[in-house]
2 protein chains.
Amino acid sequence: MPELRRDPITHRWAIIATERAKRPTSYRFGSQEPTEGLANPFAPGNEHMTPPEIVAVRPAGGYPNDSSWTVRVVPNKYPALRVEGGLDRRPMGIYDMMNGIGAHEVIIESPDEHAKFHSLPREHMIDVLRVYRDRMKDLKRDCRMKFSLLFRNYGSASGATITHAHSQLIALPVVPFEVRELCNGAKRYFDFRERNVFEDMIRFERAEDRRVVFENNDFILIAPFASRVPFELSIIPRFQETHFEETSDGHFNNLAEVLSFALGSLDQNLGDPAYNMIFQSAPYDSGEMPWYRWHIQILPKLVNVAGFELGTGFFINPIAPEEAARVLRKRN
Amino acid sequence: MPELRRDPITHRWAIIATERAKRPTSYRFGSQEPTEGLANPFAPGNEHMTPPEIVAVRPAGGYPNDSSWTVRVVPNKYPALRVEGGLDRRPMGIYDMMNGIGAHEVIIESPDEHAKFHSLPREHMIDVLRVYRDRMKDLKRDCRMKFSLLFRNYGSASGATITHAHSQLIALPVVPFEVRELCNGAKRYFDFRERNVFEDMIRFERAEDRRVVFENNDFILIAPFASRVPFELSIIPRFQETHFEETSDGHFNNLAEVLSFALGSLDQNLGDPAYNMIFQSAPYDSGEMPWYRWHIQILPKLVNVAGFELGTGFFINPIAPEEAARVLRKRN
């Protein structure tokens, strides 16, 4: 059973998940190597290599765990957290811990092992986005879960161990400190100015037009003013919605378009870099918050995070966001 | 001039330092490669390749910028921050920014380009530690500086671009959010229990003896209970001292011993991994705080930080600290 352990000073939780050390990578004390030469557990025909599916999209019909799917969701075989059991929050001497309860799912985004997410046909991409939303919404029904994070690790430098297109969804029994801080920060701005910070950012960025990379009627893609890493990108909805899982189907065509532009531009202009993509949504237990809006962060992995960043939370970024936007606006 | 830019929601600062993109690495949009084939600017005889030295140790005598040094401190040639000028804190539309004022120094720890820090003779290592302390103390005199971080990036995976043994010191005009949180967390514990959290940790860890790796009369080396990454280590002083820069010479022999054990054990037991080492000291502007104690964090870079960690601040660690301690206790 994984354990959630709390740092006695910062109160940040760490997940100690020793079963993940058993992943079929050349794992010598944690080194990560792509699983070259091993069978691909996400390929059609290999459905038996994953735990039984939770849900799948089968436009032409078919049966659970057959190979007729176009999008497939399975539990992570080496989960960071377990769904079964109670939290059993307890002391351990002077420390605090609880059982590693939570969900850890994998969304396999295409049956084609060479497909790139951003090059999927528009309708297929919309199916994937609907699956993201529906899984987040479904996990919200489990009252032990307080927050979920949908994320995509692309490329081994970003922590990905399998190259076949996939994203992951983790639901947690606690709201992470950083997520609370994000909501609190947006609230602070709202209380001070009586305006929504996301709305103000969109207005200012459109007026200045130095960091806008792309926009459509529903979304804006920007290189954030205080970008932490070179070529960081944010996708912000132009409509008010606190939770990603409450977003209606009507927005998904435009979301697919902006995602496709963002990830396609990184691929084309920076030579297919590794990246992490994060859907920042509000905690499950918060209602509608007029000061907070879900949004997407994309962090290309072009430089290694070093000691200064780890010690301070300050990032040193050698590429100005204005320059990043200039480069990433160009697409054939 | 580098810029400090503040995120409008989280209030975290990013340093936009475009001159660092000019470092002589094969820098295509930020990719970091060791500078193989280029002359080593830290080698004796190449003193002209760095800015003029700030201070150096010359046990056998000599002159500034000659090659008779054993430890040498120079300004970083590609600094993240500049020493000259005023902060000029100002708005930029809805955002906040200021000039990137600060110090960025490099401590070259040995003239031998193949020397490993942890294998330096004890007296030499003590000289290095004294230089760390004295530089931090000297920068404290500049009243624009609020905090400094001493850190060591070892190996290219940790962000190091030069292999010759060195550490870095950055002084900042603001106290980073994470540093304030660390002090606040220790204060919260002190207020609740009327005891110092570091003292309690030392007592509990010694009694349990499952995560202690090494100790001497002045320091304890542990695998922290809520370790974020595999084989994370903490060095905690067994005496009360808020600021590293106020630590007296009498402790440096034991500090050299525990550092040498910790880094030597990583080298020997994990096959010379990359790591980041951070000296967490209190802000310059805080006085003595009976609840806070400087300490050292060592984070081996065996796995890549992925989207989940970036989105939540939660770390997933596949190696239990108890197992890490068992492995790292062994030294020939």
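The values are calculated or read from the model by the stated rules, or taken from the named source; none is laboratory data. Here the structure is a predicted model, which means the values were calculated and not measured. Neighbour counts run over all protein chains shown; Cβ positions are idealised from the backbone, glycine included.
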Scanning region A:167-183 for residues that are over 25 Å from B:PHE177 (Cβ atoms) and either among the acidic types (Asp, Glu) or within 11 Å of the chain's Cα centre (by Cα) (or both) gives A:SER167, A:GLN168, A:LEU169
Any residue in region A:125-141 that is within 18 Å of A:GLN280 (Cβ to Cβ), at pLDDT 95 or above, hydrophobic (A, V, I, L, M, F, W, C) and touching a helix residue (DSSP H, G or I) at 6+ places or on another chain (Cβ under 6 Å)? yes
Inter-residue pairs, beta-carbon under 9 Å, first at the interface with chain B (Cβ under 8 Å from one of its Cβ atoms) and in region A:318-332, second in a loop (DSSP other than H, G, I, E, B) and hydroxyl-bearing (Ser, Thr, Tyr), 6+ apart: A:PRO318/B:TYR27; A:PRO318/B:TYR78; A:ILE319/A:SER227; A:ALA320/A:SER227; A:PRO321/A:SER227
Would you check which residues across region B:78-96 are within 26 Å of the chain's Cα centre (by Cα), within 14 Å of chain A (Cβ to nearest Cβ) and part of a loop (DSSP other than H, G, I, E, B) and list them? B:TYR78, B:PRO79, B:ALA80, B:LEU81
Away from chain B (no Cβ under 14 Å) and touching a helix residue (DSSP H, G or I) at 6+ places or on another chain (Cβ under 6 Å), is that true of A:GLY250? no
Give me the residue from region A:142-160 that is outside any strand (DSSP E or B) and not aliphatic (A, V, I, L, M) and, out of that set, surrounded by the fewest Cβ atoms within 10 Å (Cβ to Cβ). A:CYS143
Of all residues being within 8 Å of another protein chain (Cβ to nearest Cβ) and touching a strand residue (DSSP E or B) at 6+ places or on another chain (Cβ under 9 Å) in region A:166-194, which is surrounded by the fewest Cβ atoms within 10 Å (Cβ to Cβ)? Just the residue, please. A:PHE177
Look at A:PRO290 and say whether it is within 14 Å of chain B (Cβ to nearest Cβ) and modelled with pLDDT of 95 or more. no
Among A:PHE244, A:PHE308, A:PHE315, which is the only one that is out of contact with any helix residue (DSSP H, G or I) (no Cβ under 8 Å at 6 or more places or on another chain) and surrounded by 20 or more Cβ atoms within 10 Å (Cβ to Cβ)? A:PHE308
Here are some residues: A:ALA282, A:ALA256, A:ALA262, A:ALA274. Which one is in contact with a Gly (Cβ under 7 Å, 6 or more places away or on another chain) and either among the acidic types (Asp, Glu) or modelled with pLDDT of 95 or more (or both)? A:ALA274
How many residues does region A:161-201 hold that are outside any helix (DSSP H, G or I) and in contact (Cβ under 8 Å) with a residue 12 or more places away in the chain? 17
(1) farther than 18 Å from B:ILE278 by Cα; (2) in contact with a helix residue (DSSP H, G or I) (Cβ under 9 Å, 6 or more places away or on another chain); (3) surrounded by 21 or more Cβ atoms within 10 Å (Cβ to Cβ); (4) not acidic (Asp, Glu): which one isn't true of B:PRO59, the others all being true? (3)
Scanning region A:267-287 for residues that are at the interface with another protein chain (Cβ under 10 Å from one of its Cβ atoms) and surrounded by fewer than 23 Cβ atoms within 10 Å (Cβ to Cβ), which turns out nearest to the chain's Cα centre (by Cα)? A:ILE278
Enumeration of residues in region A:143-167 that are among the charged types (D, E, K, R) and at pLDDT below 95: A:ARG144
Go through (1) away from chain B (no Cβ under 12 Å); (2) buried (at least 18 other Cβ atoms within 10 Å of the Cβ) for A:THR163 and report which single condition fails. (2)
Just give me the residues in region B:1-12 being more than 13 Å from B:ARG82 (Cβ to Cβ) and either more than 7 Å from chain A (Cβ to nearest Cβ) or modelled with pLDDT under 95 (or both), in sequence order. B:THR10, B:HIS11, B:ARG12
Among the listed residues A:GLU53, A:GLU36, A:GLU47, which satisfies the condition of being within 25 Å of the chain's Cα centre (by Cα), of a type in the set (Asp, Glu) and modelled with pLDDT under 95? A:GLU36
Every pair of residues 6+ apart whose Cβ atoms lie under 7 Å, when the first sits in region B:224-246 and is within 14 Å of chain A (Cβ to nearest Cβ) and part of a helix (DSSP H, G or I) while the second is buried (at least 23 other Cβ atoms within 10 Å of the Cβ) and of a type in the set (Phe, Trp, Tyr): B:PHE244/B:PHE279
If you go through region B:202-212 one residue at a time, do you hit one that is in contact with a His (Cβ under 8 Å, 6 or more places away or on another chain), crowded, with 17+ Cβ neighbours inside 10 Å, of a type outside the set (Asp, Glu) and assigned to a strand (DSSP E or B)? no
With respect to B:VAL197, determine if the residue is buried (at least 21 other Cβ atoms within 10 Å of the Cβ) and of a type in the set (Val, Ile, Thr). yes
Being within 15 Å of A:GLU178 (Cβ to Cβ) and either facing chain B (nearest Cβ under 8 Å) or at pLDDT below 95 (or both) is the filter here, so list the residues in region A:293-304 that pass it. A:GLN297, A:LEU299
